[in-house]
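Trainee: Mind having a look at this structure? Questions to follow.
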Amino acid sequence: MKLNSLHTVIERENALMQAEHARHFGHLAETLGRKGLLIEDLIQKIQAFQIAIPSWALGTGGTRFGRFSVGGEPSNLLEKIGDVGLLHALNRSSDSISLHIPWDIPTDAPTVRDHLAANGLHIDSVNSNTFQDQEGQRFSYKFGSLSHTEAAVREQAIEHNSACITYGTQLGARVLTVWLADGSNFPGQQHFRHAYERTAASLADLYAHLPKDWTMLIEYKPYEPNFYSMVIPDWGTSYALCQHLGPQAHVLVDLGHHLPNTNIEQIVARLMGFGRLGGFHFNGSMYGDDDLTTGSIKPFQLFLIFGELVDAMGDLHVQNPPLAWMIDASHTTKDPLEDLLQSVEAIKCAYAKALLIDKAQLRAAQEANDVVRAEELLQDAFRTDVRPLVAEATRLLGGALNPIHTFRCARVREALIAARGRKTSATGL
């Protein structure tokens, strides 16, 4: 579907919804104004908040039991860029792509850059893949990559990550995300200390070749695909590796990479305080790394995470680098583009609610050990319906007041199926 056609539908549907939207927004603006909040300031912050779309999530996701295509899925990087361009036209908050290598290798960098520019996009980051063996690969990662007992396998993994940097540099990216599937499934299979030491040495070798204006994000995960141990199972291990590497290394927090009931907001606060939080992979989780729509399962936790982020970003004593915001979710039961629109909307709403927290009053309640008052301040912000505020911020940038509704009115999926066919499969998992 062409952007011009979508913009026409956006304008038409916005005009039909404008009167009702104005009523809701006017009421909310008046309410927030009475609390001393500046609506223009809130809108500007929401508009500036951009969330990278993962190149691997533009096709239907799947599980080990199967995948059910919706049709019209992008079969190459240029088509994926076109799809993200449609998302960004609708929500005005998805101006970048998190690129996965080798699923989406840019074979013609100038053409890719031109296509990105035509869609108002850029490449935010590149993600390496040493959790799978690729066709033609000399050594297997079955028993690890950067932590492998054999030096030749480790060198192969280092070379792959270096290639990711090269591809990213060609497209203007400045972030490398490293997630390792390395670990063990049985007691005694792996020497814990030696596996960590080999990983640290491999990452140091890669870090030495990192461009000065790049950031390396180190991701952690407590289990899966290995179930007895993971070499980087938690934020503390990621943090220790970052400390070992240097100031360009930071921790990446994936919301699905935690054991049930983990206090993720406290982890976020710790890492911000240490100046080592590098970014997020947003998704929703019920049991583990479920890759569900962001905010679909634990919206209050998502709000609390943003509460810590907003508090730290407004504290002059916190010296943390700018964060990379990325989605990492893909499931088999939804249209992937609708799923991404829902995730971005949930993230923006959580952020907007966090901006409403009266930090001065909350700090006073905390210092006075007034538990009820502190909780009520958070609940007051969380229970506020900020959708009109988010919609207004989007409308002012030319986006859709209701992105999902407009996506369906524009029959985007039908247009993609007509152009690409019903039986299609995107690169990736």
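Trainee: Can you tell me which lysines have their Cα less than 18 Å from the Cα of Lys80? Leave out same-chain residues fewer than eight positions away.
Mentor: Straight-line reach from Lys80, under 18 Å: Lys2, Lys334, Lys423.
Trainee: Okay, next question. Starting with the fewest neighbours, write out Cys164, Cys409 ranked by other beta-carbon atoms found within 10 Å of each beta-carbon.
Mentor: Cys409, Cys164
Trainee: Enter the Cα centre distance for the pair region 241-315 and region 93-137, rounded to the nearest angstrom.
Mentor: Their Cα centres are 24 Å away from one another.
Trainee: Restricting to bridges with both residues inside the chain, how much of the DSSP beta-bridge set is antiparallel, in percent to the nearest 5?
Mentor: 15 percent
Trainee: About the Cα centre of region 235-320, how large is the charge dipole given +1 on each Lys and Arg Cβ and -1 on each Asp and Glu Cβ? Please answer in debye to the nearest 20. Please list the in-between numbers first.
Mentor: Numbers: 3 positive and 8 negative charges, 38 e Å.
For region 235-320, the charge dipole is close to 180 debye.
Trainee: Just how large is the dipole of region 184-270 about the Cα centre, in debye to the nearest 20, putting +1 at every Lys and Arg Cβ and -1 at every Asp and Glu Cβ?
Mentor: In total the dipole reaches around 180 debye.
Trainee: Let me ask something else about it. Tell me, what HN-Hα J-couplings in whole Hz come from the Karplus equation 6.51 cos²θ - 1.76 cosθ + 1.60 at θ = phi - 60° for each residue of region 406-413, using x for Gly and Pro?
Mentor: Couplings: 5, 4, 6, 5, 7, 6, 4, 4 Hz.
Trainee: State, to one decimal in nm, how far the label point of Gln137 lies from the label point of Gln243, with both points 7 Å from Cα in the Cβ direction.
Mentor: 3.2 nm
Trainee: Return the distance in nm (one decimal) between the two label points of a simple spin-label model at Ala22 and Arg422, each offset 7 Å from Cα along Cα→Cβ.
Mentor: Using points 7 Å along Cα→Cβ, the separation is 4.4 nm.
Trainee: Here is a follow-up. Quick one: net charge of Leu171's neighbours, Cβ under 12 Å, K/R +1, D/E -1?
Mentor: Once positives and negatives cancel, what remains is -2.
Trainee: A further question follows. Going by a ≥ b ≥ c, the root eigenvalues of the Cα gyration tensor, does region 358-422 fall in the rounded group (a/c under 1.5), the prolate group (a/b larger than b/c) or the oblate group?
Mentor: Because a/c hits 1.5 or more and a/b exceeds b/c, region 358-422 counts as prolate.
Trainee: Could you tell me which of Leu203, Asn127, Gly278 has its Cα farthest along the dipole of the chain towards the positive end, charges placed at Cβ (Lys, Arg +1; Asp, Glu -1), taken about the Cα centre?
Mentor: Checking the options against the dipole of the chain, the answer is Asn127.
Trainee: In debye to the nearest 20, how big a dipole does the chain give about its Cα centre with +1 on each Lys and Arg Cβ and -1 on each Asp and Glu Cβ?
Mentor: Its charge dipole is roughly 520 debye.
Trainee: Would you list which lysines come within 23 Å of Lys35, measuring only between C-alpha atoms, while excluding same-chain residues fewer than 8 positions from it?
Mentor: Lys35 reaches Lys45, Lys348, Lys353, Lys359.
Trainee: Modelling each spin label as a point 7 Å along the Cα-to-Cβ direction, I'd like the Val372/Lys35 distance in nm, to one decimal.
Mentor: So the two model labels end up 2.0 nm from each other.
Trainee: For the chain, just say rounded, prolate or oblate: build the C-alpha gyration tensor, square-root its eigenvalues into a ≥ b ≥ c, call rounded for a/c under 1.5, and beyond that prolate if a/b exceeds b/c, oblate if not.
Mentor: The shape class here is oblate.
Readers should treat all values here as calculations from the given coordinates under stated rules, not as data from a laboratory. This is a predicted model, so every value here is computed, not measured. Note that we place each Cβ from the backbone using ideal geometry, even for glycine, and neighbour counts take in every protein chain shown.
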